[in-house]
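Input: a single structure, listed below in structure tokens.
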Amino acid sequence: MKKSLQCAALVATCLFAGGGYAQVLGTITASSTSVKVGEPVTITANIDVISGNYCGFVVGFGDGSFKDAVSNANTKVPLVVTRTYEKPGNYHVTLGGKNVQNHPNCGGAERAVDIAVTGPVAAAAKPGALKAAEVCAKGWKLSGKLNAKSGAFTCAAKSGTAFPTEKPVCSGDLSYFENVKKGQYGCKP
């Protein structure tokens, strides 16, 4: 009996470590592979969901910064992130498996997309350039405060209010989100 349990544990370990994953890395795409400095590009990271299990992954933006994420029943996949690059160059954007928040890493080979950024270095935005009244669409109000440092914000409206057709561009490592049940949208880390 003891030997049988050891064999079962060994098989389970080998399956997990050797590619018997429940979810594997899918594709990573960019809305454009050629952009100008300061121009937003939307990066979409897909996970191929084979069963109801979960996994962790990381998106590397090619400039030394990363975004950790998980795929599970509570998290929408694909992960969609809007990004701007402040310097010209070629950026190798990657999608890889990573243990995140006790979620085992997604299986499969690393995926990548290259983004070429051209143009002069963008002028630095003036502190406080983004005003609270400018972030929410007509019929929506700022919920809480605009985070002047990161640019994070949440807009709210009455239930049933149509979400704006033109989505805001989130700065830095912020991601756009919508919460239909609460009637909210905005940019968050």
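Any idea what % of Cα-Cα pairs in region 136-189 are farther than 12 Å?
Numbers: 862 of 1431 pairs.
Tail fraction, whole percent: 60.
Step through the table entries Lys36/Lys141; Lys145/Lys182; Lys36/Lys158; Lys98/Lys145; Lys67/Lys158, compare each Cα-Cα distance with 29 Å, and write down the pairs that go over it. From Lys36/Lys141; Lys145/Lys182; Lys36/Lys158; Lys98/Lys145; Lys67/Lys158, over 29 Å: Lys36/Lys141; Lys36/Lys158; Lys98/Lys145; Lys67/Lys158.
Test of understanding: express the Cα radius of gyration of region 22-118 as a ratio to 2.2 N^0.38 Å, with N the residue count.
Values: Rg = 13.5 Å, N = 97, 2.2 N^0.38 = 12.5 Å.
For region 22-118, the normalised Cα radius of gyration is 1.08.
Please rank Arg111, Arg83, fewest neighbouring Cβ atoms within 10 Å first, as an exposure proxy. Don't skip to the end; give the middle numbers.
Working: Arg111 18, Arg83 27.
Ordered by Cβ neighbours within 10 Å, fewest first: Arg111, Arg83.
No lab work stands behind these numbers, since they all come straight from the coordinates. Everything quoted here is computed from the prediction, not taken from an experiment. Reconstructed Cβ throughout: ideal geometry from the backbone, glycine too, with neighbour counts over all protein chains shown.
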